1. Just need a number here: residues in segment 56-104 that are within 30 Å of residue 139 (Cα to Cα), in a helix (DSSP H, G or I) and touching a strand residue (DSSP E or B) at 6+ places or on another chain (Cβ under 7 Å).
2. Write out, first by first residue and then by second, each pair whose Cβ atoms fall under 7 Å of each other, whose residues are 6+ apart or on separate chains, and whose first residue, in segment 13-24, is within 12 Å of residue 95 (Cβ to Cβ) while the second is open to solvent by less than 60 Å² (accessible area, probe 1.4 Å) and modelled with pLDDT of 80 or more.
3. Would you be able to tell me the number of residues in segment 83-128 that are more than 27 Å from residue 157 (Cα to Cα) and open to solvent by less than 40 Å² (accessible area, probe 1.4 Å)?
Amino acid sequence: METGAAYGAGKAGGAFDPVTFIKQPQTILRAVSWMFSIVVFGSIVNEGYVNRPSEVEQHCIFNRNPNACNYGITIGVLAFFGSMAFLALDAYFPQISSVKDRKKVVLGDIGFSVFWSFLWFVGFCFLTNQWQMTNLEDDNPLKEGADAARAAITFSFFSIFTWDYTDPSQDPSVPYAPYVSGDEMVPPGTYQQASTGPYTSSPEGYQTQDY
(Lines give C-alpha, C1' and ligand atoms only; values in the text may rest on other atoms or scores of the structure.)
Protein backbone atom coordinates (compact mmCIF):
# COMPACT_ATOMS: atom_id res chain seq x y z
CA MET A 1 0.00 0.00 0.00
CA GLU A 2 1.41 3.40 -0.94
CA THR A 3 1.74 6.06 1.74
CA GLY A 4 -0.49 8.32 -0.35
CA ALA A 5 -3.47 6.36 0.94
CA ALA A 6 -2.67 7.19 4.56
CA TYR A 7 -5.58 8.78 6.46
CA GLY A 8 -7.69 8.46 3.34
CA ALA A 9 -5.39 10.62 1.22
CA GLY A 10 -5.85 8.23 -1.67
CA LYS A 11 -9.50 9.31 -1.86
CA ALA A 12 -8.75 13.04 -1.70
CA GLY A 13 -10.02 15.35 -4.41
CA GLY A 14 -13.37 13.66 -4.89
CA ALA A 15 -16.56 15.63 -5.47
CA PHE A 16 -18.36 16.76 -2.32
CA ASP A 17 -21.61 14.87 -1.80
CA PRO A 18 -23.79 16.77 0.72
CA VAL A 19 -26.25 13.89 1.14
CA THR A 20 -23.49 11.42 2.04
CA PHE A 21 -21.87 14.00 4.28
CA ILE A 22 -25.08 14.65 6.22
CA LYS A 23 -25.72 10.92 6.71
CA GLN A 24 -22.31 10.28 8.25
CA PRO A 25 -22.47 9.43 12.00
CA GLN A 26 -19.79 11.98 12.78
CA THR A 27 -21.71 14.76 11.03
CA ILE A 28 -24.89 13.87 12.91
CA LEU A 29 -23.08 13.90 16.25
CA ARG A 30 -21.45 17.24 15.42
CA ALA A 31 -24.91 18.71 14.82
CA VAL A 32 -26.27 17.12 17.99
CA SER A 33 -23.34 18.48 20.01
CA TRP A 34 -23.99 21.90 18.50
CA MET A 35 -27.64 21.81 19.59
CA PHE A 36 -26.76 20.53 23.06
CA SER A 37 -24.33 23.41 23.55
CA ILE A 38 -27.09 25.88 22.68
CA VAL A 39 -29.38 24.31 25.28
CA VAL A 40 -26.70 24.50 27.98
CA PHE A 41 -25.51 28.08 27.60
CA GLY A 42 -28.93 29.32 26.43
CA SER A 43 -30.64 27.95 29.53
CA ILE A 44 -28.16 29.61 31.85
CA VAL A 45 -28.08 32.94 30.01
CA ASN A 46 -31.86 33.26 29.79
CA GLU A 47 -33.03 31.81 33.11
CA GLY A 48 -29.89 31.04 35.08
CA TYR A 49 -29.89 34.25 37.13
CA VAL A 50 -32.56 34.90 39.77
CA ASN A 51 -33.00 37.12 42.79
CA ARG A 52 -34.74 36.90 46.12
CA PRO A 53 -37.99 38.84 46.55
CA SER A 54 -36.17 41.30 48.81
CA GLU A 55 -33.26 41.82 46.42
CA VAL A 56 -32.76 43.61 43.14
CA GLU A 57 -29.44 42.12 42.12
CA GLN A 58 -29.65 38.73 40.41
CA HIS A 59 -27.39 35.81 41.30
CA CYS A 60 -26.50 32.53 39.65
CA ILE A 61 -29.21 29.95 40.20
CA PHE A 62 -26.59 27.32 41.03
CA ASN A 63 -26.08 28.01 44.74
CA ARG A 64 -25.57 31.71 43.97
CA ASN A 65 -22.11 30.72 42.69
CA PRO A 66 -21.13 32.86 39.68
CA ASN A 67 -18.35 30.43 38.76
CA ALA A 68 -20.91 27.70 38.06
CA CYS A 69 -22.87 29.85 35.61
CA ASN A 70 -19.70 31.22 34.02
CA TYR A 71 -18.31 27.73 33.51
CA GLY A 72 -21.49 26.43 31.90
CA ILE A 73 -21.79 29.43 29.60
CA THR A 74 -18.12 29.36 28.61
CA ILE A 75 -17.88 25.69 27.64
CA GLY A 76 -21.29 25.90 25.97
CA VAL A 77 -20.33 28.85 23.79
CA LEU A 78 -16.91 27.39 22.90
CA ALA A 79 -18.51 24.04 22.09
CA PHE A 80 -21.00 25.88 19.87
CA PHE A 81 -18.23 27.45 17.78
CA GLY A 82 -16.08 24.32 17.97
CA SER A 83 -18.86 22.17 16.53
CA MET A 84 -19.37 24.55 13.62
CA ALA A 85 -15.62 24.73 12.96
CA PHE A 86 -15.22 20.96 12.86
CA LEU A 87 -18.31 20.58 10.68
CA ALA A 88 -16.70 22.91 8.15
CA LEU A 89 -13.41 21.04 8.48
CA ASP A 90 -15.17 17.70 7.94
CA ALA A 91 -16.67 19.04 4.73
CA TYR A 92 -13.28 20.29 3.54
CA PHE A 93 -11.32 17.23 4.70
CA PRO A 94 -11.76 15.16 1.48
CA GLN A 95 -10.03 17.96 -0.46
CA ILE A 96 -6.85 17.71 1.64
CA SER A 97 -4.33 15.59 -0.25
CA SER A 98 -1.30 16.01 2.02
CA VAL A 99 -0.81 13.06 4.35
CA LYS A 100 0.84 15.27 6.96
CA ASP A 101 -2.00 17.78 6.90
CA ARG A 102 -4.59 15.01 7.15
CA LYS A 103 -2.76 13.50 10.11
CA LYS A 104 -2.69 16.86 11.89
CA VAL A 105 -6.43 17.33 11.33
CA VAL A 106 -7.30 13.83 12.55
CA LEU A 107 -5.12 14.00 15.65
CA GLY A 108 -6.28 17.54 16.39
CA ASP A 109 -9.91 16.45 16.09
CA ILE A 110 -9.41 13.49 18.42
CA GLY A 111 -7.47 15.53 20.96
CA PHE A 112 -10.00 18.35 21.01
CA SER A 113 -12.94 15.96 21.30
CA VAL A 114 -11.41 14.03 24.19
CA PHE A 115 -10.49 17.25 25.99
CA TRP A 116 -13.95 18.75 25.49
CA SER A 117 -15.63 15.56 26.61
CA PHE A 118 -13.61 15.85 29.82
CA LEU A 119 -14.66 19.49 30.25
CA TRP A 120 -18.30 18.50 29.86
CA PHE A 121 -17.82 15.82 32.51
CA VAL A 122 -16.34 18.40 34.87
CA GLY A 123 -19.18 20.79 34.06
CA PHE A 124 -21.82 18.15 34.72
CA CYS A 125 -20.31 17.29 38.10
CA PHE A 126 -19.83 20.95 39.01
CA LEU A 127 -23.35 22.05 38.09
CA THR A 128 -24.92 19.00 39.71
CA ASN A 129 -23.03 19.62 42.95
CA GLN A 130 -23.96 23.29 43.07
CA TRP A 131 -27.59 22.56 42.25
CA GLN A 132 -27.82 20.06 45.09
CA MET A 133 -26.43 22.69 47.46
CA THR A 134 -28.91 25.34 46.30
CA ASN A 135 -31.44 26.43 48.91
CA LEU A 136 -34.50 27.04 46.76
CA GLU A 137 -36.74 28.01 49.65
CA ASP A 138 -34.55 30.97 50.58
CA ASP A 139 -32.74 31.84 47.36
CA ASN A 140 -35.50 31.10 44.86
CA PRO A 141 -38.90 30.60 46.56
CA LEU A 142 -40.77 31.03 43.27
CA LYS A 143 -38.72 28.21 41.70
CA GLU A 144 -37.89 30.42 38.72
CA GLY A 145 -35.42 28.89 36.28
CA ALA A 146 -35.46 25.48 37.94
CA ASP A 147 -36.29 23.70 34.69
CA ALA A 148 -33.55 25.61 32.88
CA ALA A 149 -31.01 24.57 35.51
CA ARG A 150 -32.01 20.93 35.18
CA ALA A 151 -31.81 21.20 31.38
CA ALA A 152 -28.27 22.61 31.58
CA ILE A 153 -27.22 19.72 33.83
CA THR A 154 -28.93 17.08 31.67
CA PHE A 155 -27.49 18.22 28.37
CA SER A 156 -24.06 18.68 29.91
CA PHE A 157 -24.22 14.97 30.71
CA PHE A 158 -25.35 14.05 27.18
CA SER A 159 -22.57 16.16 25.69
CA ILE A 160 -19.96 13.96 27.36
CA PHE A 161 -20.89 11.14 24.99
CA THR A 162 -21.59 13.14 21.82
CA TRP A 163 -18.07 14.56 21.95
CA ASP A 164 -16.48 11.23 22.85
CA TYR A 165 -16.80 9.72 19.39
CA THR A 166 -14.07 8.87 16.89
CA ASP A 167 -14.75 8.21 13.23
CA PRO A 168 -13.35 4.71 12.53
CA SER A 169 -12.06 5.90 9.16
CA GLN A 170 -9.91 8.47 10.97
CA ASP A 171 -8.50 6.19 13.65
CA PRO A 172 -4.75 6.88 13.86
CA SER A 173 -4.12 3.26 14.84
CA VAL A 174 -5.28 2.31 11.32
CA PRO A 175 -3.72 5.06 9.21
CA TYR A 176 -4.23 3.39 5.86
CA ALA A 177 -7.61 3.51 4.18
CA PRO A 178 -8.87 0.57 2.11
CA TYR A 179 -7.77 0.57 -1.50
CA VAL A 180 -10.61 0.52 -3.98
CA SER A 181 -9.99 -1.18 -7.30
CA GLY A 182 -12.98 -1.25 -9.61
CA ASP A 183 -15.83 -2.87 -7.70
CA GLU A 184 -13.55 -4.61 -5.23
CA MET A 185 -12.18 -3.26 -1.98
CA VAL A 186 -8.86 -4.57 -0.77
CA PRO A 187 -8.50 -4.44 3.03
CA PRO A 188 -5.58 -2.51 4.53
CA GLY A 189 -2.33 -4.46 4.57
CA THR A 190 -3.41 -6.76 1.73
CA TYR A 191 -1.20 -6.91 -1.34
CA GLN A 192 -2.93 -7.29 -4.67
CA GLN A 193 -0.69 -8.66 -7.40
CA ALA A 194 -1.00 -6.92 -10.72
CA SER A 195 -1.95 -8.91 -13.77
CA THR A 196 0.90 -9.80 -16.11
CA GLY A 197 -1.16 -10.73 -19.12
CA PRO A 198 -0.26 -14.14 -20.61
CA TYR A 199 2.59 -14.58 -18.17
CA THR A 200 2.02 -16.16 -14.77
CA SER A 201 4.39 -16.52 -11.84
CA SER A 202 5.38 -19.94 -10.66
CA PRO A 203 5.91 -20.73 -6.95
CA GLU A 204 9.69 -20.55 -7.54
CA GLY A 205 9.39 -16.93 -8.68
CA TYR A 206 9.92 -17.56 -12.44
CA GLN A 207 7.45 -16.41 -15.03
CA THR A 208 5.97 -18.94 -17.40
CA GLN A 209 4.04 -18.22 -20.53
CA ASP A 210 0.69 -19.89 -21.22
CA TYR A 211 0.31 -21.21 -24.73
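The values are calculated or read from the model by the stated rules, or taken from the named source; none is laboratory data. Owing to the predicted nature of the structure, the values given are computational and were not obtained by experimental measurement. Here the Cβ positions follow ideal geometry from the backbone for every residue, glycine too, while neighbour counts run over all protein chains shown. Surface areas here come from the heavy atoms of the whole protein model, side chains and all, with no ligands, DNA or RNA. Shrake-Rupley method; radii C 1.70, N 1.55, O 1.52, S 1.80 Å.
1. Qualifying residue count, segment 56-104: 3.
2. 14/94; 16/91; 16/94
3. Keep residues of segment 83-128 that are more than 27 Å from residue 157 (Cα to Cα), which gives 91-104.
The next check asks that each one be open to solvent by less than 40 Å² (accessible area, probe 1.4 Å); those that pass are 91, 93, 96, 102.
Of the residues in segment 83-128, 4 are more than 27 Å from residue 157 (Cα to Cα) and open to solvent by less than 40 Å² (accessible area, probe 1.4 Å).
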